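The values are calculated or read from the model by the stated rules, or taken from the named source; none is laboratory data. Everything numeric here is computed off the predicted structure, so don't read it as measured data. Here the Cβ positions follow ideal geometry from the backbone for every residue, glycine too, while neighbour counts run over all protein chains shown. With ligands, DNA and RNA removed, areas are computed over all heavy atoms of the protein, side chains included. Shrake-Rupley method; radii C 1.70, N 1.55, O 1.52, S 1.80 Å.
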Amino acid sequence: MAELRRRACAVIACYARPEALDLLEEASGCRVAPDEALVVVDEDAAGPARARIHRTLAGVDPDALVLDATDGWTAWSLEGADARVAFERLSDLPLPTSGAVAGAVLGIPARVLVTAGSILVLVTSAEAAWWERTARRRVPELEEELR
Amino acid sequence: MGHLDVDGRPVEVRPGDTIASAMFRAGVRTFTRSLKYHRRRGLYCLSGDCPNCLVTVDGVPGVRACETPAADGQRVRRKGGWPSVERDVLAVADHLHALLPVGFYSKTFIRPRWAWSLAERAIRSVTGVGRLPTTGPAPEAVPLRHRRVDVLVIGGGVAGLAAAAQAGASGARVLLVEEGRVGGRLAPGPVRDRVATLADEARRAGVEVAEGRTAVGIYEGPLVPVVGGDETLRVEPNRIVVATGAVEEHAVFVGNDLPGVWLGRGAARLAGVHGVRPAERAVVWARTAEALEHVRALREIGTEVVAVCGPAGLLTQLPDGVEPIVDGEVVRAVGRRAVEAVELRTPEGRRRIACDGLVVSLGRSPRDGLLRMAGDEPAVGAGEVVAPGCSLDEAEASGRRAAAGGRPEATSCGRARLGSDGIVCLCEDVGAADLDVAWAEGWRSVEILKRYTTATMGPCQGALCAPALAAFVEGRRRPTAAAAERPTARPPARPVPLAALAAGVDELPERRTGLHDRHLALGARLGRSGAWLRPFRYGDPDEEVRAVREAVGLLDVGTLGRFLIAGPHAGALVDRVLCCRTDDLAPGRSRYALALDPGGYVRDDGLLCALEDGRFLLTSTSGGADAMEAWLRDVADRGGLRVHVVNQTSWLGGVLVAGPQAPTLLARVVERGPDLGSLPPGAHAEAVVAGVACRALRTGFVGGYAVELHHRRAASVALWDALLVAGRDLGARAFGLDALDVLRLERGHPYLGQDTLPDDDPRKLGLGWAVALDKPAFVGRSALVRLWARPLERRLVGVRADGPLARGAPFELDGAVVGRLTSAARSRRLGAWIGLGWLRAVDGAFPERVRVAGVSAAVVPIPFEEAGGG
Amino acid sequence: MWHAGPSFQAEVERAVALKIDCPHCGPRPFTEFDYGGELVLPEDPAATLGAEEDLRRVFVRANVAGVQRERWFHAAGCRRWLTLERDTVRNRVVGAP
């Protein structure tokens, strides 16, 4: 059993020198590249988180960029006992026990954040509708979003 | 257990039956007709290796009857005969080999040319192994699943199970795939007992045993596609153990494909596993000790084994009542519908023995296609696939060694037996005599013979015939020649249903802007433009054009590429990537910019906007955004520039507000910021429009007054709605790509990619003005210096005509083609057809008139003069 | 006689599963990447090349049958460029310089 549902969250895109990004302590994020990180936080925590991250990064790298990328990404959570099996039907990415990977899910660029309870898949907002339709076609057993 | 429906006849199913065993018990002897000559074919290998039992089951062609469990109500159709497999008038082909000689594709029906199309239709109607269903519901989609394991074991026999058990015991994640059921092909006896013990051991060691799953190839990675079990697996193992076993040698002699000729294991399987007598009276041709097991199994089921021919040592152990024929060899199987007798050559002379079964057990050839296609992937063989004919203990030990990663000791098998004639390739109906002909014609290597005769290229992929083909070549070569190689093994190693291949094939990814639902609500006709789904028209495109020229129109430009470029070397990057001047651009100013490749050719265009703090916003075409990001990063990376390239395309929405009433509309909705209505060309500004924070860019693509409002994607709907409401009395309306096409054509703006060729430098497009050649360095500069030293040979021009112009038509001058029309539209405003196209210089000058599909067109300067100001 | 070398054919097919070890993301199938061709050193911004030299720089590639340095863009992952060494005969990545 697995369910796929839209998750509201805020996405913060951080660009800075590697040694600055190394200082980030945000619990949920993806280190996309040495000089880029994507941090995912609850919507209502976005403002303070952005300010905090900016303080941390700017202390080391005055050119650090901290941007609100929430609109660029759409997040889906895959939950349930068979969440990992469902993910295997969508992607060949090796899933860590916890942590994040950047790679193709259903063939399009995605960021995948794994926590104890769920697999969070971020795809670009432009491709989100196609992605959901295709995911549900690939895994018909996925339960619809509970409303 | 119920009944099968075999060609309309009920066939009883008993527990444990496969479709093949049920049919054979019911008296079916001819299972298929052969591909070319319509020869009768019956059960032969019973291990999924030969094509003889391929039937259509419930509309699915190419099903191996011997591997498919029988179930009540299955509709089984035999293929290849007309009107039926039993009474096949097309079997006349078997007497007309001259019409279908080996290589007939290359040598018959060559002249007259029209003959081939008729012949092809005729040949296609009489050959083949089944018909693809073209009506009825589409088969259900097969799901795809990616698996990662430490060890993948292919084959659930003794060696495979031993390998899996051993690897599992050491803590590895092990997946074992078996195409049938574990032990399912084995009659009661020591082999089956050993398999059962090892299967228990494997399961206790945590091995995942997947039955009914077939590995069909080994690719680099390694990557192993596995089909069956209603899903397609893409397995990525760290190591692979191939334990696919061996198949008994396919001997080539006259009549070797008659129903009633059996491979020993096939006959034993039918007798021992399914309790069905393969023959009443059988002759066994033996060269292995295993053949004695087959003799026992046959006698137990009540088959009279009349005689066994083979080497003297083997024949001393025959039971009473079986005549040993020492050193006897089969030269021919005789019979009309099935075997009626065999002819033997013995030291004492020729003999003929009446029988209805000939069981051949001469040795084994490894089923090693997967192993051979593995190349240097981490794959090892275990058991009979590397040591055909090895003992049970050897197979088990070999499996355990393979689990530890050891390379097995491969033993070579003897050369396959090849008579003067007989069928070499059962699938493709290639006989030994055909190979002789091909050899005589000069096709003298395994690979070339294979291509010319199509031997080994059928559904069985050479499982049986590859050794015979190699033996043929070896036999013909001079003794000094190297041993003949087997033909190259390629995926798929086993037949794969198309649905299994299609698993994981999705529609092309599709991008939507934040205004998608608004377009639908406005009744837009949406279509793909590159990866984006975009509105082409909402109603009459002419009205949409008129709105932009006379009132105000809104276009969704949320598809444009948008890049924020920041960091200490941001200025250096844009200066290097773009061929215009960038150092003089003050914050708030923008400039039309071309990105060239190192060859001086135009990659993309857009607007460069200078922001505060040395940052830039760069736009690109909708289709070019991904490539532009990669290009920016490439130039930065190779140049060692410290920049942040932020692709904001999917973060941002964009609305183009264009037309003479646009300033009025914007004045009504701008809440904070400068008066956008007086924003001059080459300027951009931040403003809050209808509550939405925007960056406004003055642009010129459609002509007249136009502003792009870029904003966060989630606010697109609010902004769009506010603009439409506030502009209602001004005649504001949404316009789509069809109208845009006319609007930009009137301005003479090319669509990059549609109106341009891959080797168009800016001058050819009339965009030389956008190049600052006096800038000391930018990508493509030295190429432009080189190119521009030469006269212009081709350029993009505007054409104007009274008659209709069709995009794609050639430009003609005095009957010669001098160019091509790349865009065309009827401009109501100009009262003429206008278009863009490329034109070649003729004798150093560009023609002033050309003919376009019979219409006379004037070559005119662009922008077309009468187009509105701006 | 012309002979299709079996190893060549097999390698061509294995191209479908070339694996690239991205330093930021780990080993991934090549389908996550865009190919950027042979590594071409950045043009010296200040240099003024003659026509002949410039043509070579733009169009002429070594196209070796063997190990070559080339560029790959990890489009589905980090969206960064990698320079790596690939054996063009075996179609294997053999290292990163």
Measuring from the longest principal axis of the C-alpha atoms of chain A, the long axis of helix A:128-138 (C-alpha) lies at a number of degrees, nearest 10, equal to 40 degrees
Averaged over residues of C:72-85, the number of beta carbons from other chains lying within 10 Å of each residue's Cβ is 6
Using the Kirkwood formula on alpha carbons, the hydrodynamic radius of region A:72-144 in angstrom works out to 12.1 Å
In square angstrom to the nearest 100, the accessible surface buried at the B/C interface, both sides summed with a 1.4 Å probe, amounts to 3000 Å²
Here the averaged projected area of chain A, based on the convex hull of its alpha-carbon atoms and given in nm², is 8.5 nm²
Here, B:Ala789 and B:Arg281, labelled 7 Å along Cα→Cβ, have an inter-label distance in nm of 9.5 nm
Per the rule of 0.36 nm per residue minus the C-alpha distance, extending B:Arg9 to B:Ala119 adds in nm 36.2 nm
For chain B, dividing by residue count, accessible area per residue (probe 1.4 Å) in Å² works out to 40 Å²
Between the modelled labels at B:Glu485 and C:Val60 (7 Å from Cα along Cα→Cβ) the distance in nm is 3.4 nm
Mean accessible area per residue over region A:72-144 (1.4 angstrom probe, all protein chains present, square angstrom) is 32 Å²
Rounded to the nearest 100 Å², the accessible area hidden between B and A, summed over both chains at a 1.4 Å probe radius, is 2800 Å²
Per the 1/(1 + (r/R0)^6) rule, R0 = 22 Å and r from the Cβ atoms of B:Arg642 and C:Thr83, FRET efficiency to 0.05 is 0.80
For B:Ala26 and B:Ala312, extending 7 Å from Cα along the Cα-Cβ vector and measuring point to point gives, in nm, a value of 5.0 nm
The base-10 log of I(q)/I(0) that the Debye equation returns for region B:553-693 at q = 0.13, 0.19, 0.21, 0.22 Å⁻¹, one scatterer per C-alpha, is -0.59, -1.17, -1.35, -1.44
If the label point sits 7 Å along Cα→Cβ of C:Thr31, residues of region C:56-86 with amide N under 18 Å come out as C:73-78
For region B:758-773, Karplus-derived ³J(HN,Hα) couplings (6.51, -1.76, 1.60; θ = phi - 60°; whole Hz; x for glycine and proline) come out as x, 10, 9, 8, x, 5, 5, 9, x, 10, x, 4, 8, 10, 9, 5
Among region B:828-862, those whose backbone N falls under 16 Å of a label point 7 Å along Cα→Cβ from B:Ala816 are B:839-851
Quick calc, the protein assembly as shown, dipole around Cα centre from Cβ unit charges on Lys, Arg (+) and Asp, Glu (-), nearest 20 debye, gives 2220 debye
For region B:765-784 the residues that are at least 50 Å² less accessible with all protein chains than alone, 1.4 Å probe, are B:Ser782
With a Förster distance of 41 angstrom and the Cβ-Cβ distance between A:Ser98 and B:Asp230, calculated FRET efficiency to the nearest 0.05 equals 0.80
Expressed as a whole-number percentage, the relative contact order of chain B with C-alpha contacts under 8 angstrom and at least six residues apart is 9 percent
On the formula 1/(1 + (r/R0)^6), with r taken between the Cβ atoms of B:Glu441 and B:Arg477 and R0 of 22 Å, the FRET efficiency rounded to 0.05 is 0.85
Check: C-alpha center region B:691-719 vs C-alpha center region B:362-376, spacing in Å is 64 Å
Output ordering of B:355-368, B:267-280 (per-residue mean of other Cβ within 10 Å, highest first) is B:355-368, B:267-280
The distance between the Cα centres of region B:298-350 and region B:509-573, in whole Å, is 81 Å
Taking only the alpha-carbon atoms of the protein assembly as shown, the convex hull volume per residue, in cubic angstrom, is 215 Å³
In cubic angstrom per residue, the convex hull of region B:472-561 built on its Cα atoms measures 257 Å³
The distance between the Cα centres of region B:597-622 and region A:98-115, in whole Å, is 30 Å
Checked chain B against the a/c 1.5 cut and the a/b vs b/c comparison, axes a ≥ b ≥ c from its Cα gyration tensor; verdict prolate
Rounded to the nearest 10 degrees, the helix B:290-300 long axis (Cα) sits at an angle to the longest Cα principal axis of chain B of 70 degrees
